[in-house]
1. Quick one: how many residues across the range 190-205 are without any contact (Cβ under 8 Å) to a residue 40 or more places away in the chain and among the acidic types (D, E)?
2. Looking only at the range 40-66, filter to residues that are polar (S, T, N, Q) and at pLDDT 90 or above; which one of those is surrounded by the fewest Cβ atoms within 10 Å (Cβ to Cβ)?
3. Count, please, the residues in the range 190-209 that happen to be surrounded by 11 or more Cβ atoms within 10 Å (Cβ to Cβ), in contact with a strand residue (DSSP E or B) (Cβ under 9 Å, 6 or more places away or on another chain), of a type outside the set (D, E) and not in a strand (DSSP E or B).
4. With the requirement that a residue be of a type in the set (S, T, Y) and either within 17 Å of the chain's Cα centre (by Cα) or assigned to a helix (DSSP H, G or I) (or both), what does the range 132-173 give you?
5. Regarding E120, is this residue free of Cβ contacts under 8 Å to residues at least 60 places away in the same chain, within 23 Å of K65 (Cβ to Cβ), surrounded by fewer than 19 Cβ atoms within 10 Å (Cβ to Cβ) and among the charged types (D, E, K, R)?
6. Of all residues in the range 1-12 being at pLDDT below 95 and out of contact with any helix residue (DSSP H, G or I) (no Cβ under 6 Å at 6 or more places or on another chain), which is least open to solvent (accessible area, probe 1.4 Å)?
7. Suppose we filter A33, A19 for residues that are under 24 Å from P115 (Cβ atoms), over 26 Å from the mean Cα position of the chain (by Cα) and open to solvent by less than 50 Å² (accessible area, probe 1.4 Å); which single one remains?
8. Can you say whether P115 is more than 30 Å from E163 (Cα to Cα), in contact (Cβ under 8 Å) with a residue 12 or more places away in the chain and in contact with a strand residue (DSSP E or B) (Cβ under 7 Å, 6 or more places away or on another chain), as far as the supplied structure shows?
Amino acid sequence: MKLLTVEDLVRKFSLKVLAGENQLQQKITQSRAHRPGLEFVGHFDFFPTERVQILGKKEINYLHKLSIDERQLRIGNIVKYHPPCFIVPAGKEGLTYLTQYCVEEGIPLLCTNEPETTSEFIMKLDAYMVKALAPEIAIHGVCINVFGMGILLRGKSGVGKSETAHTLIGRGHRLVADDIVVLKKLSPRTLLGTHDEKTKEFLALRSVGLLNVVRLYGRKAFQDETRISLDIELTKWQKNSLNNDLEVKSTFTEYMGVQVPHLEIQLQPGRDVAGLIEAAANNWYLKQQGYSAAEEFMRRLESDTPNSSW
């Protein structure tokens with residue numbers, strides 16, 4: 001199971017540590033933060049104790065209005081569950097009593113350097129934790145962003161994946177990963193493609209060698225990650241095997257339970273493979289908008305058919 005530590009959050013968001021300096025190795029295994037508003041008023045039926053707890057202005061103002069005895073009771077009911085940490089985006093003013101409890105229980109209490117809107121901070125925090133804790137696999141291939149869509153290029157070694165990616169970069173598209181593509185499952189329908197850090201910005205071309213696409217073509221030639229929209233397999237030309245139907249039947253490749261539309265493009269000298277990939281990307285986009293060229297073509301044929309009834 002993938003995990004983060006509280007120290008990872010401190011480094012990522014430059015958080016101040018108000019208590020629990022010796023407990024920053026506490027493990028975080030859940031990718032969503034929680035605001036314990038209901039728990040402060042006594043409802044613990046669905047308290048996700050394993051999540052990072054966020055105390056926004058509403059929670060802090062509520063605690064300030066309580067009597068000392070009532071405040072001790074409410075805070076005591078929360079800290080006894082020992083969540084990974086508490087984070088206060090609204091600043092550290094007036095948190096002496098909360099700091100005391102966290103010191104006693106060994107729970108990290110953190111705050112932002114500057115006051116932030118709680119909802120905005122939670123969005124940033126959740127986005128980071130979802131990616132960091134997402135299940136992932138590594139596959140052999142190339143990942144490139146074409147017209148804003150993430151495309152996986154797969155095929156046997158030497159088939160021309162990297163060369164095709166290089167042509168696409170020359171047409172203004174962006175490399176994400178070459179050789180090793182890391183796929184992260186962000187949701188049942190969302191797959192993120194990225195690199196493994198070691199190969200970041202590098203493209204290997206046979207007979208030429210290793211290229212740094214950023215140094216050669218500028219920052220616009222590289223993108224750190226992309227949502228995967230298409231899985232394209234490059235294969236050797238097979239005579240009489242191309243599908244010439246008006247509309248290619250939809251097939252899918254599954255990665256960690258996520259279905260990705262799949263296409264096969266056969267290679268032959270003279271074929272504009274990069275152009276075919278661009279066409280496939282644009283056609284996929286139109287289908288997502290509800291448009292089918294084959295359906296429109298059939299409608300035109302039907303509208304031109306003479307009426308045989310008298």
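1. Number satisfying all stated conditions: 2.
2. Initially, the range 40-66 is screened for residues polar (S, T, N, Q), giving 49, 53, 61.
Adding the requirement that they be at pLDDT 90 or above leaves 49, 53.
Details: T49: 16, Q53: 24.
Selected residue: T49.
3. As a first pass, look at the range 190-209 and keep what is surrounded by 11 or more Cβ atoms within 10 Å (Cβ to Cβ): 190-196, 199-205, 208.
With the extra rule that they be in contact with a strand residue (DSSP E or B) (Cβ under 9 Å, 6 or more places away or on another chain), the set shrinks to 190-196, 199-205.
With the extra rule that they be of a type outside the set (D, E), the set shrinks to 190-195, 199-200, 202-205.
So of that shortlist, the ones also not in a strand (DSSP E or B) come out as 195, 199-200.
Total meeting the criteria: 3.
4. Keep residues of the range 132-173 that are of a type in the set (S, T, Y), which gives 157, 162, 164, 167.
Residues satisfying the conditions are S162, T164, T167.
5. Working: free of Cβ contacts under 8 Å to residues at least 60 places away in the same chain: yes; within 23 Å of K65 (Cβ to Cβ): no; surrounded by fewer than 19 Cβ atoms within 10 Å (Cβ to Cβ): yes; among the charged types (D, E, K, R): yes.
Considered against the rule, which asks whether it is free of Cβ contacts under 8 Å to residues at least 60 places away in the same chain, within 23 Å of K65 (Cβ to Cβ), surrounded by fewer than 19 Cβ atoms within 10 Å (Cβ to Cβ) and among the charged types (D, E, K, R), E120 comes out as no.
6. Going through the qualifying residues, I end up with L3.
7. On the way: A33 fails: over 26 Å from the mean Cα position of the chain (by Cα).
Answer to the selection: A19.
8. On the way: more than 30 Å from E163 (Cα to Cα): yes; in contact (Cβ under 8 Å) with a residue 12 or more places away in the chain: yes; in contact with a strand residue (DSSP E or B) (Cβ under 7 Å, 6 or more places away or on another chain): no.
In short, no.
The values are calculated or read from the model by the stated rules, or taken from the named source; none is laboratory data. Treat the numbers as computed from the prediction; the structure is a model and nothing was measured. Note that each Cβ is placed from the backbone with ideal geometry, even for glycine, and that neighbours are counted across all protein chains shown. Side chains included, ligands, DNA and RNA excluded: accessible areas come from the protein's heavy atoms. Shrake-Rupley method; radii C 1.70, N 1.55, O 1.52, S 1.80 Å.
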